[in-house]
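Trainee: There's a structure below that I have some questions on.
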Amino acid sequence: MSAYDILAKYYDLLMQDIDYEKMADYFLALMKRHGLVPKELLDVACGTGSLSMAFAKKGLDVVGADASERMLAGAFPKASEFPDKRLLFILQSMEDLDLFGTVDAAVCTLDGVNHLLNPQSLQRAFARVSLFLNKKGLFLFDVNTPYKFRTTLGNNTFVYDYDEVYCVWQNSFDEQRKICDFDLTFFEPEGSLFRRYEEHFSERVYADEEIKEALVQAGLNPLACYASWTLDHPDRTTQRVVYVAQKQES
């Protein structure tokens, strides 16, 4: 099975502790802090669309893009809550974004950037986002830090035990390759037995310098970075960093 085929089915369950309303408020506050009150927003690697929905509830016109059909299958029902077409989902990867128009702002959250497994993919994804931003538009995204890969994600195992599914999540971090491999095993109840599924995906660790260089090459000016969900400057133990970049004027 390809990555997210079974994970997509249980993604909202596994991520139920995430407060998407609070996350949307945080990103909107950062945008305002940097001089922007957006009307149209692009949610890159939107997954099952929970954050896209939170932005739409706050009155924004939102396009959510994701490369996984199964993830978007979980997102489409959320769009039906907005008959005015305020929320739209499209099947597109980060590297191949192709919108009908431009947007005021774009976000990419919850490891989306880390899923780009080489600098060339990172560069292309940033360039595609930049292409569809209005002048002085903002791009906000988070990344897992090298510290998090070394101390929390790498070479650890996590277990999720729910009535609907039992999931064993095993990680292996190769610092030389800068890649963390994730192997997930799902046990889905089926009568008195369980059906077993396995999925695999990877994330790459990026240094701050690599990210900022890719932004500049894409025509995006790095404005600030924050320890996630705060206004604090990241330190050596920060696990997730939020970047704010602005489209440069031609």
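The values are calculated or read from the model by the stated rules, or taken from the named source; none is laboratory data. These numbers were taken from a predicted model, which means no experiment stands behind them. A quick note on method: Cβ atoms are made from the backbone with ideal geometry, for glycine too, and the neighbour counts reach across all protein chains shown.
Trainee: Spot the failing condition for residue 100; the list is (1) in contact (Cβ under 8 Å) with a residue 12 or more places away in the chain; (2) not assigned by TED's automatic domain parsing to the domain that holds residue 177, and only one is missed.
Mentor: For residue 100, the failing item is (1).
Trainee: Now for a separate question. What number of residues in region 63-92 are assigned to a strand (DSSP E or B) and surrounded by fewer than 15 Cβ atoms within 10 Å (Cβ to Cβ)?
Mentor: Number of matching residues: 1.
Trainee: While we're looking at this one, here's another question. So, restricting to strands (runs of 3 or more DSSP E) that lie completely within region 93-169, which ones have at least 1 residues that are under 15 Å from residue 63 (Cβ atoms)?
Mentor: Counting at least 1 such residues, we get 103-108, 133-144.
Trainee: Restricting attention to region 121-129, does a residue exist that is surrounded by fewer than 19 Cβ atoms within 10 Å (Cβ to Cβ), closer than 26 Å to residue 55 by Cα and of a type in the set (Val, Ile, Thr)?
Mentor: no
Trainee: Can you tell me which residues in region 120-134 are farther than 19 Å from residue 41 by Cβ and in contact with a Phe, Trp or Tyr (Cβ under 6 Å, 6 or more places away or on another chain)?
Mentor: Those that are farther than 19 Å from residue 41 by Cβ and in contact with a Phe, Trp or Tyr (Cβ under 6 Å, 6 or more places away or on another chain): none in region 120-134.
Trainee: Could you grab me the full set of residues in region 232-246 that are of a type in the set (D, E, K, R) and under 13 Å from residue 150 (Cα atoms)?
Mentor: Once the filter is applied, which keeps residues that are of a type in the set (D, E, K, R) and under 13 Å from residue 150 (Cα atoms), region 232-246 yields 236, 240.
Trainee: In region 170-187, is there at least one residue being outside any strand (DSSP E or B), of a type in the set (Ser, Thr, Tyr) and out of contact with any Lys or Arg (no Cβ under 7 Å at 6 or more places or on another chain)?
Mentor: No: zero hits.
Trainee: For the list (1) assigned by TED's automatic domain parsing to the domain that holds residue 16; (2) not in a strand (DSSP E or B), I need the number of the one condition that residue 224 fails.
Mentor: Result: residue 224 passes all but (2).
Trainee: Which members of region 228-250 meet the condition of being over 16 Å from residue 34 (Cα atoms) and outside any loop (DSSP other than H, G, I, E, B)?
Mentor: Selection gives 240, 241.
Trainee: Would you confirm, using the coordinates I've provided, whether residue 37 is in contact with a strand residue (DSSP E or B) (Cβ under 9 Å, 6 or more places away or on another chain), crowded, with 16+ Cβ neighbours inside 10 Å and assigned by TED's automatic domain parsing to the domain that holds residue 226?
Mentor: Taking the combined requirement at face value, the residue does not satisfy it.
Trainee: Out of region 214-237, which residues are more than 24 Å from residue 29 (Cα to Cα) and under 20 Å from the mean Cα position of the chain (by Cα)?
Mentor: Scanning region 214-237 gives 214, 218.
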